Structure formats: C-alpha cells, structure tokens
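Reviewing the structure listed below.
The values are calculated or read from the model by the stated rules, or taken from the named source; none is laboratory data. Bear in mind that the values here come from a model prediction, so they are computed numbers and not experimental data. Note that each Cβ is placed from the backbone with ideal geometry, even for glycine, and that neighbours are counted across all protein chains shown. Just so you know, the surface numbers come from the protein's heavy atoms only, side chains and all, with ligands and any DNA or RNA stripped out. Shrake-Rupley method; radii C 1.70, N 1.55, O 1.52, S 1.80 Å.
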Amino acid sequence: MANELTTDLQFTVDFTPSAISILNEKELKALVDQATEYYGSLTFTDDNIPEAKEARADLNKVFKLLDDQRKVVKSQYNEPLKAFETKIKQYANQIKTVSDVINKSISDIEELEKQKRAIVLEGIIAEMAPNYELEPSDIEIKASWLNATSYTKKGDNLIKKVLEEVAGAMTMV
C-alpha cells in the first residue's frame, strides 16, 4: 500500500496564470508623469505652506486611488489561490495527522527497545564489575551504549567494540 500511495499520488492542478492589464495604461502613465513633473517642480517655502499642503493632499488622493485599485485586483486575483491552498493544506494535514500517530508509535516502540537494551547492559555491567573490584553503580552509562547498533542482531548482547568500551570505562574507574 505504501508504494501505491506515493506512485498513485500523481495529481494535476488546472492552473492558468491570469493576465492583469491596465486598459488605458498609456493615458494613466501620461497623467502620472505630468502630475509628478508638475508637483515635483514646485518649490515650497514658509510663504506658501497652504499650497504645499494642498499639493500633498492632491497627490495623496491620487496615490490612494491607485493603491485602492491595486488592492481590489490583488484581492480578487488571490481568491482562487487561497481556496486552492486551503484545500491542499486540509489534505496535507489529514496525511500529517496519521503520520504523526505512526511516528508516536515508532517512538514508543524504540523507547521500549532502548529500555530492554538498558536491562541487558546493566546485567553485563553487574557481571563485569566484580572483576574490576567495582560496584555496578560506579560505572556511568554512555548514551551510545544503548543504541541498537551497539548490540548483536538479536539484541541480547553487546558487540565486541562496545564491550571493550565498557571494560575500558571500568579500568579507568
């Protein structure tokens, strides 16, 4: 089923990029150029602050008209994208929820296996400690000694390299 899921998950999306055009762009550009040239050429001083404020207000009105139109188009343009993203996120979350449950199960199983390895390790340390005139509690267990790769395939004994590490640690103590 797992291989089928990924190979069968070929899906397509019907997407046609939209073209956004300004129907009277030449005229709009000419008006903007004319306004910026005119208002940009004015010089304002203490004597004509009211005129400067009026010029600023006029430019701000034009800016607001342009920006409001941009926002309207953007909002309408983004609607299909938002709907698409919502659907895909729902599907992805549905998959992720099940994946998280499986991940939790794997973590629980791995933790149980680690506990079993800890019991085996503690038994080996208890068996070896008297040979070094130590108490098993004198030995600090390294985290790497509990890894699955530190044990034989059956998980019932340490591999030679790790057994030598444990013996080395006992010698150091």
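So, V120, is that one touching a Ser or Thr at 6+ places or on another chain (Cβ under 6 Å) and either among the charged types (D, E, K, R) or surrounded by 13 or more Cβ atoms within 10 Å (Cβ to Cβ) (or both) or not? No.
The residues listed here are K104, K64, K26, K89; of these, the one that is exposed (fewer than 10 other Cβ atoms within 10 Å of the Cβ), part of a helix (DSSP H, G or I) and modelled with pLDDT of 95 or more is K26. Filtered by the rule that a residue be among the polar types (S, T, N, Q) and open to solvent by 70 Å² or more (accessible area, probe 1.4 Å), region 123-156 gives N131, S137, N147, T149.
Residues in region 124-161 that are touching a strand residue (DSSP E or B) at 6+ places or on another chain (Cβ under 8 Å) and part of a helix (DSSP H, G or I): I124, W145, S150.
Taking every residue in region 119-145 that is hydroxyl-bearing (S, T, Y) and pairing it with any residue that is in a helix (DSSP H, G or I), at least 6 positions away or on another chain, the pairs with Cβ-Cβ distances below 6 Å are Y132/M170.
Yes or no: E110 over 22 Å from S18 (Cβ atoms) and either open to solvent by less than 70 Å² (accessible area, probe 1.4 Å) or charged (D, E, K, R) (or both)? So E110 passes the test.
For region 148-162, a residue qualifies if it is within 15 Å of I119 (Cα to Cα) and touching a residue at least 12 places away in the same chain (Cβ under 8 Å), and the qualifying residues are A148, S150, Y151, G155, D156, N157, L158. Checking each residue in region 162-173 for being in a helix (DSSP H, G or I), open to solvent by 60 Å² or more (accessible area, probe 1.4 Å) and either of a type in the set (D, E) or in contact with a Leu (Cβ under 8 Å, 6 or more places away or on another chain) (or both) picks out E164, E165. Flag: Y77 does not match the condition of being open to solvent by less than 90 Å² (accessible area, probe 1.4 Å), among the aromatic types (F, W, Y) and in contact (Cβ under 8 Å) with a residue 40 or more places away in the chain. Among the residues of region 97-111, count how many are more than 23 Å from the chain's Cα centre (by Cα) and either farther than 14 Å from A148 by Cβ or not hydrophobic (A, V, I, L, M, F, W, C) (or both). Result for region 97-111: 3.
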